[in-house]
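Report on the structure given below.
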Amino acid sequence: MLKALFFDMDETLCDTRFANEQATRLLGESLLAQFGPGVDAAAVAHAYVAGIYREWSESQRARYLPIIEQQSEGAFRVQLIRDLLAEQGITEVSKDQARSLQDQFDRDRLQHFDFYPGIAEFLTEMRQLFTLVVITNGPEFSQVPKVKTVHLARYVDHILIGGQEPEQKPAKSIFLKALKLANCEAHEAIHVGDSLAADIAGAHNTGITSVWIQHSQPLDAELGIDPHHTVLHPSEIPQFIRQLHQGSN
């Protein structure tokens, strides 16, 4: 019997890609306005987003991990902006200037961050039937504001943020905590997410049925991860879960 629904947040319940695209565009416009046509503003803005998602070279990893560990996520993001501009030949950028750009990106992203259409209503409906738990990876610095922006706690019973836990997805521990919070066994839950490596692998490691949101991603045979179920887009989640529930009755 199905008792709990676990969900990823970004690109599962919420359209993070759209929010990132808008914030990246606006950051590029601000960079161009401040530093002129001599800077490749779009390249800097896109590299900033890649950086905050930990798409690092080895040298970047060696540089930024100590900043995160010894200072803060915010300090890393400020330094990232200064470094990216320095690569463009703009070396006289103060921490305050970089922090202003970083703050703008965060504000713009949150302004455009929202549930996919129909998801809030779906969660309200499902909460009458199941215990709902969100399991999201990412640092507290960025994930807590997102959670607050969409008032996620109004729609689900529990929220686990990887950056606040000892381990993030696909670690078994965070899924076991979700099961404990939902007061159910692994076979009584399903997990829905868009990442094969984090969501689907993590669910499988814990014996939880997985639902993969494919978006436009290919199924990477090299990972050796085969989801139990697949939907093409988050808009298909409500119908799929309703059918799954009806089939189990």
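Remarks
- Some residue of region 11-19 being of a type in the set (D, E, K, R), buried (at least 16 other Cβ atoms within 10 Å of the Cβ) and more than 18 Å from Lys146 (Cα to Cα): no
- Residues (in contact with a helix residue (DSSP H, G or I) (Cβ under 7 Å, 6 or more places away or on another chain) and of a type in the set (Val, Ile, Thr)) located in region 99-139: Ile119, Thr131, Val133, Val134, Ile135, Thr136
- Test: residue in region 219-233 that is among the hydrophobic types (A, V, I, L, M, F, W, C) and buried (at least 21 other Cβ atoms within 10 Å of the Cβ): no
- Helices (runs of 4 or more DSSP H) wholly inside region 110-217 containing at least 2 residues that are more than 16 Å from the chain's Cα centre (by Cα), assigned by TED's automatic domain parsing to the domain that holds Met9 and surrounded by fewer than 16 Cβ atoms within 10 Å (Cβ to Cβ): 119-126, 172-182
The values are calculated or read from the model by the stated rules, or taken from the named source; none is laboratory data. Computed from a predicted structure; not experimentally measured. Cβ coordinates were reconstructed from backbone atoms using ideal geometry, including for glycine residues, and neighbour counts include every protein chain displayed.
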